[in-house]
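The values are calculated or read from the model by the stated rules, or taken from the named source; none is laboratory data. Quick caveat, the model's predicted, so the values are computed rather than measured. Here the Cβ is made from the backbone with ideal geometry for all residues, glycine too, and neighbour counts use every protein chain on show.
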Ligand SMILES: Nc1ncnc2c1ncn2[C@@H]1O[C@H](COP(=O)(O)OP(=O)(O)OP(=O)(O)O)[C@@H](O)[C@H]1O
Ligand code: SF4
Ligand SMILES: [Mg+2]
């Protein structure tokens, strides 16, 4: 039995309208039928564009959002059906580390207070003295000095604050840690240190991770298995190396083709897949295969029939009606990719700008799409879609209250842009 099993999990947020008569006018299909398993002691990496539902899925596992349907079986117990008070015991065993280290730490509490709060709530340590000793031990494990105890979150660099976030999870002796974009607010040089720390802790403590990221590079080395999400669903899942060496879903192929290769010759010769259009809204997802509005190989059947995630051998699962045919080259492309698409997109942007100029209004495409359009002939569309996508919206606020579910009181989420600049001053690990 796997430690964590998700069975067709759906989280649909109702969209309400009206002041006098509050009524539901639709739903945001944030998570729309996800099944996956995470083995004890392993790391499952979950990647996908901004807004595809990664954070919502992580929060659903911890029951921080209402699960519309489906099962979340942890160590043999279905958490989705557990009464609130019974869920409390499981909360300690499943912890979350958040993207925004500063926003998820209460600025008015010192580190000892932040870390001991959850311990006291879960009855860990007989008194504060015992808790303090345990906290010192964990601080050493995450590479922070013991004098950090009496200091406040703002006194630390971005990387150190993320270590505090990890320590806050560890003092509760969890089995599973859900790391939601654990390094995306950090400097690239600091990112590797935090990822190394997570790996080292996993080795020492036998932890199980679900690591969420929009950046494939972040999850590659830490993950045993990687799942790729698109609009609330998994489109591909495979052992980490297999996914990188031979991505089989058109969306994964596009994501991978946007990751630059250090060798300039390989880089120039590489085939890129440029995705048409933007990520559709999860409030109005396309019929059939959710990816059919952007897929270079979309066929008629794709618009009406949703493909099921199917194992094509050795645990490489793909949700595409034509995965085999695409590989064999026996199905025709219906949309252009690569350089053709760059030229076509440029023409659309130019046209849009002309029309806007004539009408005397600012051009949306010129504002939002021009950079990503390949004006420079740069074909990294899939990556651009990430970078140009929504800034972290829900999650920042979500982080603050998620912390509150167990420990830290909700504090206003703050931008961590500045923390990315902060140099890592932490001694020790890395
Ligand atoms: N509480 C909520 N109510 C309504 N819609 C929500 C809520 N939380 C999230 N959403 C919507 O659900 C969708 C998925 O959001 P989610 O935060 O899970 O995406 P994500 O993949 O984590 O994105 P990012 O990479 O930007 O963090 C988005 O369209 C978001 O606006
Ligand atoms: S099912 Fe059709 S639209 Fe979806 S990924 Fe496969 S080929 Fe593309
Ligand atoms: Mg998120």
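Things to note:
- Checking each residue in segment 132-147 for being in contact with a helix residue (DSSP H, G or I) (Cβ under 6 Å, 6 or more places away or on another chain) and either without any contact (Cβ under 8 Å) to a residue 40 or more places away in the chain or under 14 Å from residue 114 (Cα atoms) (or both) picks out 135, 136, 138, 139, 146.
- Scan of segment 70-86 for residues that are loosely packed, with under 15 Cβ neighbours inside 10 Å and in contact with a helix residue (DSSP H, G or I) (Cβ under 8 Å, 6 or more places away or on another chain), ordered by number: 77
- Sole exception among (1) under 25 Å from residue 281 (Cα atoms); (2) surrounded by fewer than 22 Cβ atoms within 10 Å (Cβ to Cβ); (3) within 22 Å of the chain's Cα centre (by Cα) for residue 25, by number: (3)
- If the condition is being within 15 Å of residue 247 (Cα to Cα) and either free of Cβ contacts under 8 Å to residues at least 24 places away in the same chain or surrounded by 13 or more Cβ atoms within 10 Å (Cβ to Cβ) (or both), then segment 298-315 contributes 309, 310, 311, 312, 313.
- Cβ pairs under 6 Å, 6+ apart, first in segment 324-338 and farther than 20 Å from residue 274 by Cβ, second in a loop (DSSP other than H, G, I, E, B) and at pLDDT 90 or above: 325/331
- The criterion of at least 2 residues that are closer than 22 Å to residue 180 by Cβ, touching a helix residue (DSSP H, G or I) at 6+ places or on another chain (Cβ under 8 Å) and within 16 Å of ligand 3 (Cβ to nearest atom) is met, among strands (runs of 3 or more DSSP E) falling completely within segment 200-315, by 208-213, 225-230.
- Looking only at segment 37-64, and only at residues there that are over 17 Å from residue 220 (Cα atoms) and not in a loop (DSSP other than H, G, I, E, B), the one that is nearest to the chain's Cα centre (by Cα): 55
- So residue 318, is it touching a strand residue (DSSP E or B) at 6+ places or on another chain (Cβ under 7 Å), within 17 Å of residue 32 (Cα to Cα) and either more than 8 Å from ligand 2 (Cβ to nearest atom) or without any contact (Cβ under 8 Å) to a residue 12 or more places away in the chain (or both): yes
- A Cβ distance below 6 Å, combined with a sequence gap of six or more or placement on separate chains, defines the contacts here; from segment 275-294, residues that are at positive phi and within 13 Å of ligand 2 (Cβ to nearest atom) reach residues that are part of a loop (DSSP other than H, G, I, E, B) and at pLDDT 95 or above in the pairs 288/304; 288/305; 288/306.
- Criterion (in contact (Cβ under 8 Å) with a residue 40 or more places away in the chain and either within 16 Å of ligand 3 (Cβ to nearest atom) or closer than 21 Å to residue 251 by Cβ (or both)) met by exactly one of 62, 94: 62
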